[in-house]
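What follows is one structure encoded as structure tokens, with my remarks underneath.
Derivation of every value follows stated rules applied to the coordinates shown; laboratory data play no part. Quick caveat: nothing in here was measured; it's all calculated off a predicted structure. Because the Cβ atoms are built from the backbone with ideal geometry, glycine has one as well, and the counts that use them run over all protein chains shown.
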Amino acid sequence: MKFGAAITDAEGLRLTQKERDLFRQMNPFGFILFARNIESADQVRALCDDFREAVGRNCPITIDQEGGRVQRLRARLAREWLPPLDHVTRAGDQAERAMYLRYRLIADELFGLGIDSNCAPMVDVARPETHAFLKNRCYAFDPEQISRVGRTVAQGLLDGGVLPVLKHIPGHGRATLDSHHDLPHVDLPLVELEYSDFAPFRALNDLPMGMTAHLVFDQIDPRPATISAAMMGLIRDNIGFGGLIMTDDISMKALSGALTDLTRQSLQAGCDVVLHCNGSFSERAAVMETAGEMSDVAQARAERALAMRKRPRELDIQAAEAELSALMGGQVNER
């Protein structure tokens, strides 16, 4: 059976009958969780079961659990973390190992709740001008270091049975506006971007899934990357990313127009799956109906991504926590 070319969300803590019926009919590729969907461990597990029962398969369920400001699971259900940039800076020469352990522990938390994907690593290159919504979520200012750290983040998740989602392809670090509210522009030639912003994504182009960036690269295409065939071609051919590409949330204000139009434009540009979050029931239904089934190429990418889900490797949690604490000089959590 073909997957629906959408990833969507739910309104509350459990699925309503209307949501169950809609998801059974539309068969979206997967789902994403937000804070409004999270109350307790048992409840999250039950909601994940709801999603999978509705579509009749072991669909991927993802979340934004970067640690720091962006983490949907909070204390009681998960560890609280320093922002990624602070974590890497504090770890110094041990940053790669420290970030591996951080995301291996995060994967353990997610997998235990029935969540098997995480929207990380985020390998956007931090710059002095990077907007505050993004800056301390970055790993570093140097593309080569970001590539190395991003690889360990991805491996920590995979070793914990969780699929990583590389973001924000092809690079969001130069944005001086928050794409949740405005459309950022980057006015630089391709030759400069290739060896800076795009470099970490090329280094990690073998990861199973990626998420687009809602920003315009003016000297390449006047359209936002998510709905630009030129940018999607660059991501495939120049950066060489071969995995499943999902949009960032198409309800973000960086994109303008009707959700159904944005759905069509994203898929026509070359995205495989449309991510739609925080909409009404009718909006979710309209997006899924417009998205329809995956193309044959997208379906093959989706199946390859899902084949990378493995049972978690054995983890001595106390030993991992102790090692991480030692690497970090004792400060691991947000204070």
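The GluC sites (Glu not before Pro) found in the stretch 61-145 that occupy coil by DSSP, while having at most 16 further C-beta atoms within 10 Å, are Glu80, Glu129.
Have a look at the DSSP beta bridges in the chain and tell me what percent are antiparallel, nearest 5. Roughly 10 percent of the beta bridges in the chain run antiparallel, per DSSP. The antiparallel fraction among DSSP beta bridges confined to the stretch 1-148 stands at about 25%.
Seen from Pro170, the other residues with C-beta closer than 10 Å to its C-beta sum to a net charge of -2, counting Lys and Arg as +1 and Asp and Glu as -1. At 222 nm, what value in deg cm²/dmol follows for the chain if DSSP H runs of at least 4 each add -39500 (n - 2.57) and the sum is divided by all its residues, to the nearest 500? It comes out at -12000 deg cm²/dmol, rounded to the nearest 500.
Using a cut-off of 14 Å between beta-carbons, work out the net charge of the residues near Thr260 (Lys and Arg +1, Asp and Glu -1, Thr260 not included). It works out to a net charge of -1.
Taken as Cα centroids, the stretch 190-242 and the stretch 51-117 sit 25 Å apart, rounded to the nearest whole angstrom.
Phi angles of the stretch 254-268 translate, via the Karplus equation with coefficients 6.51, -1.76, 1.60 and θ = phi - 60°, into HN-Hα couplings of 4, 9, 10, x, 5, 4, 5, 5, 5, 4, 4, 5, 5, 5, 5 Hz per residue; Gly and Pro are given as x.
Among Ser280, Ser40, a tally of other beta-carbon atoms within 10 Å of each Cβ gives an order, fewest to most, of Ser280, Ser40. About its Cα centre, the dipole of the chain is roughly 560 debye, where the only charges are +1 on Lys and Arg Cβ and -1 on Asp and Glu Cβ. Taking the Kirkwood radius as Rh and the Cα radius of gyration as Rg, the chain has a ratio of Rg/Rh equal to 0.94. Here's the thing: no lysines lie within a cross-link span of Lys310, going by alpha-carbon distance under 18 Å and ignoring same-chain residues fewer than 8 apart.
When +1 charges are put on Lys and Arg Cβ atoms and -1 charges on Asp and Glu Cβ atoms, the dipole computed for the stretch 19-79 relative to its Cα centre reaches about 240 debye. Phi angles of the stretch 277-283 translate, via the Karplus equation with coefficients 6.51, -1.76, 1.60 and θ = phi - 60°, into HN-Hα couplings of 10, 6, x, 6, 4, 5, 5 Hz per residue; Gly and Pro are given as x.
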